[in-house]
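Here's the structure we're looking at; comments come further down.
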Amino acid sequence: MRKLLFLLALVISSTAYGEDESSYRLGSGDLISITVFDEPELSMEVRVGDRPISYPFLGRVELRDRPIATIEQEITEGLRGDYLIEPRVSISVKEYRPFFIQGEVEKPGGYPYQPGLTLRQAISLGGGLTERASKSKMFVTRDGAGEEIRLEMGDRVFPDDVVNIEQSFF
């Protein structure tokens, strides 16, 4: 069991999120670190919420539903000139918002997301499939759209996804 958990952690930690973390769109619940190199008073950790944050010298900065690279560029350009000559800004996700798994798994609920998470790994985090679980009726509701998308074991699961494992009738 220890080896299985170790391998699961290794696979999850070695896989990148999508193309690149800088393209990741922030959502409510993500914990991020904003670092301005050699400027500790401009560096901070903040949990993304529904409202913009107040950032020194710049005022309100919207985080939610925006790619990390866009926010880095906005802060860099805002600090350049009047405040710093050549600011170097980096934003990283310290803690992703959770995903949810429900239906025919042993322990349904919300679980911390890790980059590269697959349906197989999500089911493992949920304690595995129950005896009645369908191996073909696995769906995800993504982005609050209400539309269910069929998933295969190797398909990716993302933050805020709601995975539903249905019952098998046979």
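The values are calculated or read from the model by the stated rules, or taken from the named source; none is laboratory data. Every value quoted in this text rests on a predicted model; they were computed, and no experiment measured them. All Cβ positions, even for glycine, are placed from backbone atoms using ideal geometry, and neighbour counts span all protein chains on display.
Ser54 - would you say it is among the polar types (S, T, N, Q), surrounded by fewer than 17 Cβ atoms within 10 Å (Cβ to Cβ), assigned to a loop (DSSP other than H, G, I, E, B) and not assigned by TED's automatic domain parsing to the domain that holds Arg150?
Considered against the rule, which asks whether it is among the polar types (S, T, N, Q), surrounded by fewer than 17 Cβ atoms within 10 Å (Cβ to Cβ), assigned to a loop (DSSP other than H, G, I, E, B) and not assigned by TED's automatic domain parsing to the domain that holds Arg150, Ser54 comes out as no.
If you take the residues in the range 146-170 that are hydrophobic (A, V, I, L, M, F, W, C) and farther than 15 Å from Phe100 by Cα, which one is surrounded by the fewest Cβ atoms within 10 Å (Cβ to Cβ)?
Among those residues, the one meeting the criterion is Phe170.
Could you grab the pairs with beta carbons closer than 8 Å, sequence gap of 6+ or different chains, first residue in the range 124-139 and closer than 13 Å to Gly109 by Cα, second one acidic (Asp, Glu) and part of a loop (DSSP other than H, G, I, E, B)?
Short answer, once both residue conditions are applied: Gly126/Glu106; Gly127/Glu106; Gly128/Glu106.
Of all the residues that make up the range 103-119, how many are loosely packed, with under 15 Cβ neighbours inside 10 Å and of a type outside the set (Gly, Ala, Ser)?
Adding up the residues that qualify gives 3.
Are any of the residues in the range 62-77 farther than 19 Å from Asp30 by Cα, crowded, with 18+ Cβ neighbours inside 10 Å and of a type in the set (A, V, I, L, M, F, W, C)?
no
So which strands (runs of 3 or more DSSP E) are wholly in the range 70-153 and hold at least 3 residues that are within 22 Å of Glu166 (Cβ to Cβ)? Full working, then the answer.
Numbers: elements: 89-95, 99-103, 109-111, 133-141, 148-150.
Where strands (runs of 3 or more DSSP E) fall fully within the range 70-153 and carry at least 3 residues being within 22 Å of Glu166 (Cβ to Cβ), they are 99-103, 109-111, 133-141, 148-150.
Kindly evaluate Ala122 against the criterion of being among the aliphatic types (A, V, I, L, M) and at pLDDT below 95.
Here the answer is no, as Ala122 does not meet what is asked.
Would you tally the residues in the range 57-102 being more than 16 Å from the chain's Cα centre (by Cα) and not assigned by TED's automatic domain parsing to the domain that holds Ala122?
The total comes to 27.
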